[in-house]
1. Could you list, in sequence order, all residues of the stretch A:164-199 that are within 16 Å of ligand 1 (Cβ to nearest atom), buried (at least 19 other Cβ atoms within 10 Å of the Cβ) and farther than 18 Å from A:LEU127 by Cα?
2. Considering every residue within the stretch A:132-155, establish whether at least one is within 16 Å of ligand 1 (Cβ to nearest atom) and under 30 Å from A:ASN20 (Cβ atoms).
3. Name the single residue that is farthest from the other protein chains (Cβ to nearest Cβ) among those in the stretch A:4-23 being within 16 Å of ligand 2 (Cβ to nearest atom) and touching a Ser or Thr at 6+ places or on another chain (Cβ under 7 Å).
4. Looking at B:SER319, B:SER288, B:SER292, which is the one that is of a type in the set (Ser, Thr, Tyr) and either surrounded by 15 or more Cβ atoms within 10 Å (Cβ to Cβ) or outside any helix (DSSP H, G or I) (or both)?
5. Could you go through the stretch A:57-65 and let me know if any residue there is buried (at least 19 other Cβ atoms within 10 Å of the Cβ) and more than 9 Å from chain B (Cβ to nearest Cβ).
6. Provide a single number: the residues in the stretch A:123-139 that are in contact (Cβ under 8 Å) with a residue 24 or more places away in the chain and assigned to a helix (DSSP H, G or I).
7. Need pairs with beta-carbon distance below 6 Å; first residue over 21 Å from A:GLU113 (Cβ atoms) and within 12 Å of another protein chain (Cβ to nearest Cβ) and within the stretch A:151-163, second within 16 Å of ligand 1 (Cβ to nearest atom) and of a type in the set (Phe, Trp, Tyr); sequence gap 6+ or separate chains.
8. Within the stretch B:81-191, considering only helices (runs of 4 or more DSSP H) that don't extend past its boundaries, which have at least 2 residues that are surrounded by fewer than 16 Cβ atoms within 10 Å (Cβ to Cβ) and at pLDDT below 85?
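The values are calculated or read from the model by the stated rules, or taken from the named source; none is laboratory data. Note that this is a predicted model, so its numbers are computed, not measured. Heads up, the Cβs are rebuilt from the backbone with ideal geometry, glycines too, and the neighbour counts pull from every protein chain shown.
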Amino acid sequence: MIRFDNVNKRYPGGHEALSNISFHLPRGKMAYLTGHSGAGKSTLLKLIALIERPSRGNILLDGVNLSNVRNSKVPYIRRNIGIIFQNHHLLYDRTVFDNVALPLVIAGYQHREVGKRVRAALDQVGLLNKEKCAPITLSGGEQQRVGIARAIVHKPSLLLADEPTGNLDPELSREIMELFARFNQVGVSVLIASHDLDLIKQMGSPVISLSQGMLIHDDLKEVADVEA
Amino acid sequence: MSKPDTSNKPARNAPVTAYFIHHARTLIASLGVLFRSPASSAMTTAVIAIALALPAGLYVLLSNASHVSVGWDNSAQISLFLKANVSEKQARTLASKLRLYDGIDSVKLIHKDQALAEFQRVSGFGDAIESLGSNPLPHVLAVQPVVDPERPDKIAHLMKQLRELKQVDIAQLDLQWVKRLYSMLEIARKGIWVISILLAMAVLLVVGNTIRLDIQNRRSEIEVTKLIGATNAFIRRPFLYTGFWYGLSGGILAWILISLSIGILAGSVENLASLYNSAFQLTGLAFSEAMSLIGFSCLLGLLGSWIAVGRHLDEIEPS
Ligand SMILES: Nc1ncnc2c1ncn2[C@@H]1O[C@H](COP(=O)(O)OP(=O)(O)OP(=O)(O)O)[C@@H](O)[C@H]1O
Ligand SMILES: [Mg+2]
């Protein structure tokens, strides 16, 4: 699903956020991305979502070399990815329903289909009764779940999450992580950046660790070796 | 991605239908956005309307002035002094021939006897002239040209034709005041063009600035929609429609402003005209002119937002 090949990312300031990263997340697999603050977790996810471009090396996303993707094609790549942010990034001038519907509207789904899918997604995150609410009236955990519903409503084949449990209590964090595990069980590839090591250990999925922009631990290597 | 999840793409609209449905929805939605901040929308609309009503109103006054000047054309007369050897019969034939000319409205024969009597009466040289024995005056044709305010050169051309007639001795036209009027109208017309261009630019700037602020206010929304996979065209659309609505409402309001002003002026103008025994009436914008005004305004709105969107939307990228 995702393959990094000697990827470097140097920000304009000259800071090398990622050095020589290579790993492979097979289709349908779930993995955690950990590392200290500033290790380069967000940068790595941004490279996959084409928010940033690598300075060197290649990234293959479902067989597509992202270096060859022109800016005008970027939106179509992103439509196959569900992205979840730490700070929800919801639109506060519309209802929960309209927020979740956005990816479908962008992709040009029929009105009736939109309603069906949005309710299915809200049902999966347990917010079916909140569809008419304004996001601002929801708790932090609920808002995060609206963000997740929006990320999965169009059934992407890859989910990226950056600190999805950043400011949630342990109980809620666990629920959210289990939610991701459930999506993974129905075939969605998932990559979650988090520094909640205890929780990650409990969840038991493979872990990739970064330190100062370098890959220092890669469970996926073993997964690949086992598969091979 | 190539994952063959067929349930992923069943009830998506056929691309073309989806396109139009989306356009229609965005059009309505962007109108809704304007109503959500009625005060600032109304202000922008009013500025556009005033900027458009000013040159359009001047244009209306000018075309009324042209009408008035057409009414004065009776006084632009060409006197054709025929040669002394031209008989009355020949003069009448010539008059009938001239009446068929395109540029000529009417022709009146002033018989030389009639001219002499007139001359005797007004000059006081009655006796002296009588002693001449024969009438020294020629027949005169008073020619009334058709005056086209748009084509002052037509009269000059007519004059040239008349001078070349073999029966004509002298052709005389006092065009001075007509020329002056024309050049004044010409200056006014050019002035209106200049004002129109300046104010059209002002409308562009107003719409552009409003849209720019709109874009800034919705920066995070734009970033999020880009992250979710919205194309630039998708994001651009609501802003373009907003510009269109500003143009449309501004154009309609400009029309209303002009009609109201004409309504206010019409009474006084009619009074004035009646003092001059004229049935002159102030006319407003014709329907087709009003439609052109509104259409032009819509174009300006679209163009203004297009410029703003082009300059400010692409630089917003998620980070
Ligand atoms: N836009 C940018 N311009 C320059 N430097 C940047 C930019 N974004 C990130 N960096 C730098 O790159 C390094 C990695 O940043 P990144 O955000 O990927 O870290 P992170 O692992 O996500 O950290 P955190 O856990 O705090 O979110 C940091 O040193 C950061 O200062
Ligand atoms: Mg981060």
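1. Those that are within 16 Å of ligand 1 (Cβ to nearest atom), buried (at least 19 other Cβ atoms within 10 Å of the Cβ) and farther than 18 Å from A:LEU127 by Cα: A:LEU191, A:ILE192, A:ALA193, A:SER194, A:ASP196.
2. Within the stretch A:132-155, not a single residue is within 16 Å of ligand 1 (Cβ to nearest atom) and under 30 Å from A:ASN20 (Cβ atoms).
3. This residue is A:LEU18.
4. Of B:SER319, B:SER288, B:SER292, the one residue that is of a type in the set (Ser, Thr, Tyr) and either surrounded by 15 or more Cβ atoms within 10 Å (Cβ to Cβ) or outside any helix (DSSP H, G or I) (or both) is B:SER319.
5. Taking every residue of the stretch A:57-65 in turn, at least one turns out to be buried (at least 19 other Cβ atoms within 10 Å of the Cβ) and more than 9 Å from chain B (Cβ to nearest Cβ).
6. 4
7. Here the result reads A:ASP162/A:PHE85, each pair linking the stretch A:151-163 to a residue that is within 16 Å of ligand 1 (Cβ to nearest atom) and of a type in the set (Phe, Trp, Tyr).
8. B:112-123, B:126-130, B:153-164
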